[in-house]
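Every read-out reported here was derived from the displayed coordinates using simple, explicitly stated rules and does not represent laboratory data. Since the structure is predicted, the reported quantities are computational estimates derived from the model, not experimental observations. For neighbour counting, all protein chains shown are included, and Cβ atoms are generated from backbone atoms with ideal geometry for every residue, glycine included.
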Amino acid sequence: MIRLGYPVVGVADLTVAAAFWTAALDLAESPEWARDSWRTLVRQTDGERVLGLMLSDSAPEQYPRIHLDLLVDTTAEQETEVERLIGLGAQRVDWDSYPPDPDFVVLADPDGNVFCVVDLSRAPSGS
């Protein structure tokens, strides 16, 4: 039976990427499969694998077709988390594709990989 795994992010510097993502998401590096070109990040609470980091020579995509969404429950939490992530090494992205009154903020990790911080209180309700 096939199963969906976890996302893998290509990075130029595993040490910097692991430090950023473990601090950003309160994860831990797992020794499982750790090598010069790979890190597995797990939840500290239960050890579940949630993110892979793979050494990559390719440049990040400006408009990636797949990206990570980090979810928060309120606008205040979104503002706080965006500033915390910037303090950890993320950068604001000059995103020219924002819709009117967006519920998300686009950032890039220290490697330039784009991700979003989404305020679920402002997300469309689907009604």
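Anyone know which of 87, 112, 52 comes out most mobile in the 10 Å Cα GNM of the chain?
87
Please rank 80, 45, fewest neighbouring Cβ atoms within 10 Å first, as an exposure proxy.
45, 80
Can you work out the Karplus-derived ³J(HN,Hα) for every residue in the stretch 49-59? Use 6.51 cos²θ - 1.76 cosθ + 1.60 with θ = phi - 60°, whole Hz, and x for glycine or proline.
5, 10, 7, x, 10, 10, 4, 9, 8, 7, 6
Put one equal scatterer on each alpha carbon of the stretch 1-113, apply the Debye formula with no solvent term, and list log10 I(q)/I(0) at q = 0.20, 0.24 1/Å to two decimals.
Values returned for q = 0.20, 0.24 Å⁻¹ are -1.21, -1.53.
Rounded to the nearest 0.05, what FRET efficiency do residue 83 and residue 49 give with R0 = 35 Å and r taken as the Cβ-Cβ distance? Could you check?
0.80
Top mean-square fluctuation among 73, 111, 101, Gaussian network model of the chain, C-alpha springs under 10 Å?
Answer for the Gaussian network model of the chain: 101.
So if we plug the beta-carbon distance of residue 95 and residue 6 into 1/(1 + (r/R0)^6) with R0 = 30 Å, what FRET efficiency do we get, rounded to 0.05?
E between residue 95 and residue 6, to the nearest 0.05, is 0.75.
Residue 24: net charge of surrounding residues, Cβ under 12 Å, Lys/Arg +1, Asp/Glu -1, itself excluded?
-2
Who wins for biggest fluctuation among 23, 76, 90 in a Gaussian network model of the chain, springs between alpha carbons below 10 Å?
Fluctuation is largest for 76.
At 7 Å along the Cα-to-beta-carbon direction for both residue 16 and residue 74, put a label point, then send me their distance in nm to one decimal.
Distance between the two pseudo-spin positions: 3.5 nm.
Counting Lys and Arg as +1 and Asp and Glu as -1, what is the net charge of the other residues whose Cβ lies under 14 Å from the Cβ of residue 67?
-3
Tell me, which longest segment in the chain has none of the trypsin sites (Lys or Arg not before Pro) that fall in DSSP loops with at most 15 further Cβ atoms within 10 Å?
66-127
By how many degrees, between 0 and 90 and to the nearest 10, does the Cα long axis of helix 75-88 differ from the longest principal axis of the chain?
Tilt relative to the chain: about 40 degrees.
What is the extension gain from residue 65 to residue 26, computed as 0.36 nm multiplied by their sequence separation minus the C-alpha to C-alpha distance, in nm to one decimal?
Stretched fully, the residue 65-residue 26 segment lengthens by 11.5 nm.
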